[in-house]
Amino acid sequence: MEDRVQRKRRLTPEQKWQVFLGASRKNAIDAEVCRRWGITPWQLRAIRDRVKDGATEALAKGPGRPRKDLKVADLEREVERTSRGLKELAIENTLLPPSPPCRRTW
């Protein structure tokens, strides 16, 4: 009896996409696709599920630009406000004459 050693085949995302396209063709037989790519039917099912999940997630976003995260927008406004304040202080420090040294009496 011949011992078969099955190695796990790790497919790249591009290869998984090609597996999905091959399995989605008209008259494609799942067993043939699995044999051609060296995967199990369970792996093919997982690839189909992930493609479906990814597609529904992408389609749920709707058309146009993705919305900005509100927290990110708040932080961007804070950075802008702080930056303006620093610029004003830098201008004031540049324009003001140097003050005399402070003498401390203890």
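Readers should treat all values here as calculations from the given coordinates under stated rules, not as data from a laboratory. Remember, it's a predicted structure, so these values are computed and weren't measured experimentally. Reconstructed Cβ throughout: ideal geometry from the backbone, glycine too, with neighbour counts over all protein chains shown.
The single condition among (1) assigned to a helix (DSSP H, G or I); (2) exposed (fewer than 10 other Cβ atoms within 10 Å of the Cβ) that Leu75 does not meet is (2). Tallying residues that are free of Cβ contacts under 8 Å to residues at least 12 places away in the same chain and within 16 Å of the chain's Cα centre (by Cα) within the range 43-55 yields 3. For the range 30-65, the set of residues classified as in contact with a helix residue (DSSP H, G or I) (Cβ under 6 Å, 6 or more places away or on another chain) and either farther than 14 Å from Gln18 by Cα or outside any helix (DSSP H, G or I) (or both) consists of Pro41 only.
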